[in-house]
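The values are calculated or read from the model by the stated rules, or taken from the named source; none is laboratory data. Quantities reported herein were computed from a predicted structural model and do not represent experimental measurements. Methodologically, a virtual Cβ is constructed for each residue, glycine included, from the backbone with ideal geometry; neighbour enumeration extends over all protein chains shown.
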Amino acid sequence: MTKENRDRIVPYLERLFGYAWALTKTDDRAHDLVQDAACKALSARRTPADDTAYRAWLFKILRNQFFDDRRRAHVMDKRAIESDENNFDAMEYWTGDERLINKIAVKRALTILTPKHSEILILIDMAGFRYQEASDLLDVPVGTVMSRLNRARATLLTLLESDGDNVVAFSTRRTGRG
C-alpha cells in the first residue's frame with residue numbers, strides 16, 4: 001500500500017460511509033463495512049486509472065462486501081440479520097439546530113425505506129452517481145434505476161411529511177408561464 005493509494009481513497013470515505021449506512025442502518029456496522037472495503041481496495045494489485053471508474057469500483061467493493069457479510073451472518077445465525085437496533089437518541093444531541101432535526105428525520109425515514117430504495121437514494125442523491133453508473137453498480141437497467149429512484153423519493157417525502165412540520169414539499173405544479 002502506497003501513500004498515493006491511501007490519498008486516493010480518502011476523498012471517497014465519507015460517501016462510502018453514507019452508502020454503507022444505507023445498507024446496514026447502523027453506524028458501527030457501516031464503519032466496519034467501510035474499513036473492510038477500504039482494506040480490500042488498498043490491497044488490490046490493480047485499480048482503475050479513471051477517477052469515475054475508481055469511484056464506482058470502490059462502491060462495488062463495498063456493496064459486495066456487504067452481501068458477503070450478510071450471507072456469512074445468515075449461515076452463522078439467521079437472527080443476526082434481522083436484529084438491527086436503531087438508536088437515534090444516542091446518535092446526536094439536539095441543540096436547537098433545525099438542520100440537526102432534519103438530519104435525524106431523514107436518517108430515521110431512510111431506515112423505514114426498503115433496502116433497494118435507501119440504496120438508490122444514497123447512490124444517486126448523496127454519493128452523486130449518475131444513473132448509468134448506478135445501473136452498472138447495481139446490475140439493473142437504467143430504467144429500473146430511474147423508476148426505483150422516483151418511488152424512493154416519493155416514499156421518503158411521504159415519510160418525512162408525516163413526521164411533523166419539519167419538511168414541506170416544493171410544489172410540482174407548473175404555473176403555465178413558459
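Considering only the range 92-99, I want to know if a residue exists there that is modelled with pLDDT under 60 and within 16 Å of Thr26 (Cβ to Cβ). Yes: the range 92-99 contains one or more residues that are modelled with pLDDT under 60 and within 16 Å of Thr26 (Cβ to Cβ).
Taking every residue in the range 3-15 that is more than 15 Å from Pro48 (Cα to Cα) and assigned by TED's automatic domain parsing to the domain that holds Glu119 and pairing it with any residue that is assigned to a helix (DSSP H, G or I) and of a type in the set (Ser, Thr, Tyr), at least 6 positions away or on another chain, yields no pair with a Cβ-Cβ distance below 9 Å.
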